[in-house]
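Report on the following structure.
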Amino acid sequence: MGKRVWQRLWKTWTIDKPAALGDWLWQILVVELAALLDRLTLRKLIALIPVAIVIGAYWHRIPLPPELMLVGDVLAYIDIFSMIFLIGFSTRVATVVAVVRQAIDFVRGAMRHVPMALHRFGVRHRRAKDSPRRRRLTHAKTDDDGAAGMAGLAWA
């Protein structure tokens, strides 16, 4: 019976207790830390920076310049600046979209008038044959035809 008790004790302290300690460490260092980091946002992390600065200043007993305390305020306003930037960007995109829409409407309107303009010019109609009474201008004589070949001279 004494051997059995020692075997149970040995199993408890060499296998069960370290396994329970490992499970506890896994729960604390992995699962709980992951849940904490999942809830931790960039804004919350930025809000911790001034706290760390103040704790460090009091711990080391060094004078803290006011500019260093304002770092936290400036970092807190990053989200406001980013919202202003996004609003400005979206208005620029909206302006570009409106200009492109107007250009498309203009092209559509112009394309609606193309068939009427082509019909007005009579593109589909063939030309009438030349009439015999029509005067031909291809063999007309001008004063320049008989000019002497004095190339390079200009008359003033």
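What net charge do the residues around HIS113 carry, taking every other residue with its C-beta under 15 Å from that of HIS113, with Lys and Arg at +1 and Asp and Glu at -1?
Overall, the nearby charge balance is +2.
Counting Lys and Arg as +1 and Asp and Glu as -1, each charge on the Cβ, what is the dipole of region 1-117 about the Cα centre in debye, to the nearest 20?
Roughly 580 debye for region 1-117.
What figure, in Å² to the nearest 10, do you get for the accessible area of VAL51 with a 1.4 Å probe and non-protein molecules left out?
70 Å²
Just by accessible area at a 1.4 angstrom probe, what is the order of THR95, THR14 from largest to smallest?
THR95, THR14
The values are calculated or read from the model by the stated rules, or taken from the named source; none is laboratory data. Treat the numbers as computed from the prediction; the structure is a model and nothing was measured. Cβ coordinates were reconstructed from backbone atoms using ideal geometry, including for glycine residues, and neighbour counts include every protein chain displayed. With ligands, DNA and RNA removed, areas are computed over all heavy atoms of the protein, side chains included. Shrake-Rupley method; radii C 1.70, N 1.55, O 1.52, S 1.80 Å.
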